[in-house]
Amino acid sequence: MDRARLMLLVVALAGAAALPWIGGPFWTGLATQMMIFGLLALSVDLLLGHAGLFSLTHASFFAVSAYTVAILQVRYGWPTLAAAPAGILLGTALAALFGISVRTRGVYFILITIALGYVVWGIAHRWSSFTGGDNGVTNVPFPAVGPLAVTSHTQYYYVVLAAVILCGLGYRVLIRSPFGLGLRGVKASETRMQSLGYRTGLHIYVAFVLSGALASFAGVLYVYYNKFVNPVAASFPVSVEAALMAIVGGTGTIVGPFLGAGVVLGLRNWVSSFVEMHHAIMGAVFIATVLWAPQGLVGIAARVRARLKGRDG
Amino acid sequence: MTSAILQAINGVSLAALLFLLASGFTLSFGLMRVVNMAHGAYYLIGGYVGLSIAEHTGSFALALAGGGAAVALGGFFIDRFLIRRTGENHLAQVLLTVGVAFVIGDVALQIWGGDNLMVPAPQQLKGAVVLPGGIYYPKYRFILIFLGVFVGIALWLLYKKTQIGAVVRAGVDDREQVNATGINVDRLFVMVSALASFLAGLAGVAGGAFLTLYPGAEWEILVYALVVVIVGGLGSLEGAMIGALIVGLLDAYGRWLLPEFSYFVLFGPIALLMIFRPRGLFGREH
């Protein structure tokens, strides 16, 4: 890592730590959401940016884990220390089941994951005796571990910040490991990886389950922030917006999905303060991204930097 | 027993509607390699336009034609100026067309509001038919089955027995070769794309008269159509027919026997298919 990048990282961290004092509750809340949805986008990007698979079912893992935590804490009085792992476990188990979709590639994979996502949404929506139907599960408390309890959104912001930093570091190790390089190999040429002796199907399946686990973790962070969960969390727009965040920020990177989440959430917040049609605005962002910025913000930054370097040299 | 028969008719009439939507989706993929996620939005907006036409003119036939034509026209521009620019990048196509669907859905919400609206069916199509065994059943649903079968036969004849169909089939197999023989593949694309959009709009009017139209209906119907296409195999007309029947019947019996898990019943055929035939019943390599 060169010095400029290190400086940037230090400034970003200091800024993140000081945000609640500088920005107040509004910006702290927005930043918390940005980190949570950035994590979801990062999980989508493990498949999209590294293995070249476009999954549109990640809201399912996110929602199943959020529902699990909410139901266990609110209805059965489980402590955070038991409910949160149970949520991640159940979300990951669903990912292990939905992982059979990696038998397909390309368009079929996209279409099948959309259909699977709808199954989960349908259950959350229709099985109202258990999931609470459209109202969902409400009154989820802040997390508490023994005597340590989060009591405000500002405190929770720091919990999420710490969790996201840890996940980012773990993700960095993962994608630089032989496993991560293998994924990139599959993206570049699956047949060549097979002829080199890799079991590419298994490789991608494991990536799918890991990515589901990360989405489940984001779901846990989400339900403690949001205080309730309803079928919207499992809906198709959440899955497709997570993918959009990864693409807007830049796929195949770690900061990209978080930047993208910031742009998408910030834009939506800003736009919905003066127009009702925020879905149409989101739609326009989808279209504009595909047509003019398929490499995302990170891609644009790299292009600008390359041009500047070209001018210097 | 009576319920079982009723559910079978429910299933087949839903299948007829799904076929209208899925056949266009599957043909435009087969020929142009285009995945158009806005198909559900085409259905919804077609239904809304048909609704307004039916309310102003009182004619259901005009509503069907008008809803279809309006979507065919809009679909042409979307295809020309947006989808065409994505080339064969399916990821880009999916994102772009989802964006288009969001825009269409929001515009429709502004114009027609958020309530459940029903396209008024003409008087002579209302009421019930008495089936042998004294079963009463809504007449409209039978008409829908006839419409589905009629469109199915017409498409099949067009596809298998006419020269245009032969060219389209050749285009599905090897586009470059067809182009090289001097046939204007581009014009063919426009025709198939317009036909697909027309069918989606028509389905919206037909479906709007019994499933009602509301914000969000575009995604629900799209997912059903996607399952049809996945089960049948992308690009196959026969696949769309069989897939529509399977999904329609499963949905009807699922809603009847397991109301809370009816979406889950859809998961069964997809899962089995992925294990045994990842490309669907009639799908092939693309």
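The values are calculated or read from the model by the stated rules, or taken from the named source; none is laboratory data. These figures come from a predicted structure and were not determined experimentally. So basically every Cβ, Gly included, is an ideal-geometry build from the backbone, and we count neighbours across all protein chains shown.
Working only within region A:154-177, note down all residues that are surrounded by fewer than 15 Cβ atoms within 10 Å (Cβ to Cβ) and either in contact with a Pro (Cβ under 8 Å, 6 or more places away or on another chain) or within 13 Å of A:His50 (Cβ to Cβ) (or both).
A:Arg172, A:Arg176, A:Ser177
For region B:111-136, name all the residues that are of a type in the set (Gly, Ala, Ser), within 14 Å of another protein chain (Cβ to nearest Cβ) and under 18 Å from B:Ile53 (Cα atoms). Working first, answer last.
From region B:111-136, those of a type in the set (Gly, Ala, Ser) are B:113-114, B:121, B:127-128, B:133-134; that's our starting set.
Narrowing further to those that are within 14 Å of another protein chain (Cβ to nearest Cβ): B:113-114.
Answer for region B:111-136, where residues must be of a type in the set (Gly, Ala, Ser), within 14 Å of another protein chain (Cβ to nearest Cβ) and under 18 Å from B:Ile53 (Cα atoms): just B:Gly113.
Starting from region B:31-51, take each residue that is farther than 16 Å from B:Leu222 by Cα and list its partners that are surrounded by 24 or more Cβ atoms within 10 Å (Cβ to Cβ) and hydroxyl-bearing (Ser, Thr, Tyr), counting only C-beta distances under 8 angstrom and pairs at least six apart or across chains.
B:Met32/B:Ser193
Going through region A:142-165 one residue at a time, which ones are within 19 Å of A:Leu259 (Cβ to Cβ) and either within 14 Å of another protein chain (Cβ to nearest Cβ) or of a type in the set (A, V, I, L, M) (or both)? Before the answer, list the steps.
Going residue by residue through region A:142-165, those that are within 19 Å of A:Leu259 (Cβ to Cβ) are A:157, A:160-161, A:163-165.
Of everything in region A:142-165, those that are within 19 Å of A:Leu259 (Cβ to Cβ) and either within 14 Å of another protein chain (Cβ to nearest Cβ) or of a type in the set (A, V, I, L, M) (or both) turn out to be A:Val160, A:Leu161, A:Ala163, A:Val164, A:Ile165.
Looking only at region A:86-124, how many residues end up being part of a helix (DSSP H, G or I), within 8 Å of chain B (Cβ to nearest Cβ) and not basic (Lys, Arg)?
Step one: list which residues in region A:86-124 are part of a helix (DSSP H, G or I), which gives A:86-103, A:106-124.
Adding the requirement that they be within 8 Å of chain B (Cβ to nearest Cβ) leaves A:100-101, A:103, A:106-108, A:110-112, A:114-116, A:118-119, A:121-123.
When the remaining residues are screened for being not basic (Lys, Arg), the result is A:100-101, A:106-108, A:110-112, A:114-116, A:118-119, A:121-123.
Residues that pass the stated criteria total 16.
If B:Val227 meets every condition in (1) facing another protein chain (nearest Cβ under 10 Å); (2) buried (at least 22 other Cβ atoms within 10 Å of the Cβ); (3) more than 15 Å from B:Phe25 (Cβ to Cβ); (4) under 18 Å from the mean Cα position of the chain (by Cα) apart from one, which number is that one?
In the conditions (1) facing another protein chain (nearest Cβ under 10 Å); (2) buried (at least 22 other Cβ atoms within 10 Å of the Cβ); (3) more than 15 Å from B:Phe25 (Cβ to Cβ); (4) under 18 Å from the mean Cα position of the chain (by Cα), B:Val227 misses (3) alone.
Please pick out the residue among B:Ala203, B:Ala108 that is hydrophobic (A, V, I, L, M, F, W, C) and more than 14 Å from chain A (Cβ to nearest Cβ).
On the way: B:Ala108 fails: more than 14 Å from chain A (Cβ to nearest Cβ).
Checking each option against the conditions leaves just B:Ala203.
What is the one condition in (1) crowded, with 19+ Cβ neighbours inside 10 Å; (2) modelled with pLDDT under 85 that B:Leu125 does not satisfy?
(1)
Among the residues of region B:49-96, write down those that are within 9 Å of chain A (Cβ to nearest Cβ) and assigned to a helix (DSSP H, G or I).
If we filter region B:49-96 for residues that are within 9 Å of chain A (Cβ to nearest Cβ), which is where we start, we get B:82, B:85-86, B:89-96.
Hits for region B:49-96 are B:Arg85, B:Thr86, B:His90, B:Leu91, B:Ala92, B:Gln93, B:Val94, B:Leu95, B:Leu96.
Counting just the residues of region B:256-277 that are in contact (Cβ under 8 Å) with a residue 24 or more places away in the chain and under 21 Å from B:Ala4 (Cβ atoms), which one comes out surrounded by the most Cβ atoms within 10 Å (Cβ to Cβ)?
Ranking the qualifying residues of region B:256-277, first place goes to B:Leu266.
What's the number of the condition B:Ile242 fails, among (1) in a helix (DSSP H, G or I); (2) modelled with pLDDT of 85 or more; (3) in contact with a helix residue (DSSP H, G or I) (Cβ under 7 Å, 6 or more places away or on another chain); (4) within 14 Å of chain A (Cβ to nearest Cβ)?
If we test B:Ile242 against (1) in a helix (DSSP H, G or I); (2) modelled with pLDDT of 85 or more; (3) in contact with a helix residue (DSSP H, G or I) (Cβ under 7 Å, 6 or more places away or on another chain); (4) within 14 Å of chain A (Cβ to nearest Cβ), just (4) comes out false.
Please verify whether region B:81-91 includes one or more residues that are farther than 22 Å from B:Leu21 by Cβ and buried (at least 21 other Cβ atoms within 10 Å of the Cβ).
yes
Looking only at region B:104-128, how many residues end up being assigned to a helix (DSSP H, G or I) and under 20 Å from the mean Cα position of the chain (by Cα)? Explain how you work it out, then say what you get.
To start, the set of residues in region B:104-128 that are assigned to a helix (DSSP H, G or I) comprises B:104-112, B:123-125.
Okay, now just the ones that are also under 20 Å from the mean Cα position of the chain (by Cα), so B:104-105, B:108.
So the count comes out to 3.
Are there any helices (runs of 4 or more DSSP H) wholly within region A:222-313 with 3 or more residues that are of a type outside the set (Val, Ile, Thr), away from chain B (no Cβ under 14 Å) and without any contact (Cβ under 8 Å) to a residue 40 or more places away in the chain, and if so which?
Working: elements: A:236-249, A:255-271, A:278-292, A:296-312.
By residue number, A:296-312.
Between residues in region A:127-141 that are within 14 Å of another protein chain (Cβ to nearest Cβ) and at negative phi and residues that are surrounded by 14 or more Cβ atoms within 10 Å (Cβ to Cβ) and in a helix (DSSP H, G or I), which pairs lie under 6 Å by C-beta distance while being six or more apart or on different chains?
Hits for this filter: A:Trp127/B:Glu260; A:Thr131/A:Ala124.
With A:Phe208, A:Phe179 as the choices, which residue is within 14 Å of chain B (Cβ to nearest Cβ), at pLDDT 90 or above and out of contact with any Lys or Arg (no Cβ under 6 Å at 6 or more places or on another chain)? Talk me through it step by step, then tell me what you get.
Values: A:Phe179 fails: within 14 Å of chain B (Cβ to nearest Cβ).
That would be A:Phe208, the only listed residue that is within 14 Å of chain B (Cβ to nearest Cβ), at pLDDT 90 or above and out of contact with any Lys or Arg (no Cβ under 6 Å at 6 or more places or on another chain).
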